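What follows is one structure encoded as structure tokens, with my remarks underneath.
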Amino acid sequence: MENLDLTFDHAIAVNLKRLRTAGGFTLDGLAEASGVSRAMISRIERAEASPSALILAKLCAALGTTLSAFFADADRPVDPLSRRVDQPVWRDPETGYSRRSVSPSGTGSGVDIVLIRFPVGGGISYPPKHGADGLSQHIWIMSGALQVEIGEETHLLFKGDCLYMPVADPHSFSNAGDTDVLYAVIIERTRQGAS
């Protein structure tokens with residue numbers, strides 16, 4: 001398990017540096033745009049720190065990308081088939097939730113599919129995501145109970161329920177039950193140039 005974590009930390013380091021450079025950001029510029037400290041960004045790029053989902057979300061918002069695109073392997077050849085064994089899985093060191101990128105990467109599709117396992121007692125809040133105005137998502141519950149707060153609205157979702165919401169709006173997720181929640185997130189780009 002430790003080697004797998006080191007591999008993911010290295011992949012995160014490579015992807016962050018690649019996206020930061022491609023976006024024309026210095027470390028200071030990305031720190032200012034994301035609200036994540038320069039020191040933390042530098043540690044992530046050197047694979048010395050495992051970022052939480054919240055930190056990655058802030059960095060992705062500043063870079064104008066999604067977590068799915070962030071985790072996509074840029075060097076991997078495009079393949080319309082994504083076999084389960086090849087789907088990258090990342091575990092948030094802070095909340096313990098795991099995220100499996102299900103959809104094939106690099107195909108140019110406007111849809112990303114992610115499978116999330118959210119542990120009992122888990123919770124996470126996402127700030128507004130600037131640059132994500134053209135993104136929406138469906139949250140589809142496979143098992144368990146998930147509480148989703150979007151602004152002033154609170155939704156309690158159970159097995160089979162599906163909630164549509166913009167990605168850019170501030171929102172939070174919390175496990176409202178006594179078992180892990182398994183749910184799919186289907187992210188759709190609704191405007192040209194969103195990623």
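The values are calculated or read from the model by the stated rules, or taken from the named source; none is laboratory data. For clarity, every value in this text was computed on a predicted model and none was experimentally measured. For neighbour counting, all protein chains shown are included, and Cβ atoms are generated from backbone atoms with ideal geometry for every residue, glycine included. We work out accessible area using only protein heavy atoms, side chains counted, and drop any ligands, DNA or RNA first. Shrake-Rupley method; radii C 1.70, N 1.55, O 1.52, S 1.80 Å.
Quick check on this structure: which one of Thr26, Thr95, Thr65 is modelled with pLDDT under 80 and β-branched (Val, Ile, Thr)?
Thr65
Which condition number does Arg76 fail, the rest of (1) modelled with pLDDT of 90 or more; (2) loosely packed, with under 15 Cβ neighbours inside 10 Å; (3) of a type outside the set (A, V, I, L, M, F, W, C); (4) over 17 Å from Val181 (Cβ atoms) being met?
It fails just one condition, (1).
Which of the residues that make up segment 23-42 are closer than 20 Å to Tyr126 by Cβ and among the charged types (D, E, K, R)?
Within segment 23-42, Glu32 is the sole residue that qualifies.
Going by the conditions given, is Pro93 open to solvent by 50 Å² or more (accessible area, probe 1.4 Å), touching a residue at least 12 places away in the same chain (Cβ under 8 Å) and under 14 Å from the mean Cα position of the chain (by Cα)?
Yes: the conditions hold for Pro93.
Just to check your reading of the model, which residue among Arg20, Arg38, Arg43, Arg84 is closer than 25 Å to Gln137 by Cβ, free of Cβ contacts under 8 Å to residues at least 24 places away in the same chain and of a type in the set (Lys, Arg)?
Of the residues listed, the single one that is closer than 25 Å to Gln137 by Cβ, free of Cβ contacts under 8 Å to residues at least 24 places away in the same chain and of a type in the set (Lys, Arg) is Arg84.
Wholly within segment 96-189, which strands (runs of 3 or more DSSP E) include no fewer than the required count, namely at least 2 residues that are without any contact (Cβ under 8 Å) to a residue 40 or more places away in the chain and open to solvent by 50 Å² or more (accessible area, probe 1.4 Å)?
146-150, 153-157, 162-166
What number goes with the only condition from (1) of a type in the set (Ser, Thr, Tyr); (2) at pLDDT below 85; (3) open to solvent by 70 Å² or more (accessible area, probe 1.4 Å) that Thr21 does not pass?
Among (1) of a type in the set (Ser, Thr, Tyr); (2) at pLDDT below 85; (3) open to solvent by 70 Å² or more (accessible area, probe 1.4 Å), the lone unmet condition for Thr21 is (2).
If I ask for residues that are more than 19 Å from the chain's Cα centre (by Cα) and open to solvent by less than 30 Å² (accessible area, probe 1.4 Å), which ones from segment 28-57 would you list?
Gly29, Ser42
Can you name the residue in segment 6-18 that is open to solvent by 60 Å² or more (accessible area, probe 1.4 Å) and among the hydrophobic types (A, V, I, L, M, F, W, C) and, of all such residues, is nearest to Leu59 (Cα to Cα)?
By that ranking, first place goes to Val14.
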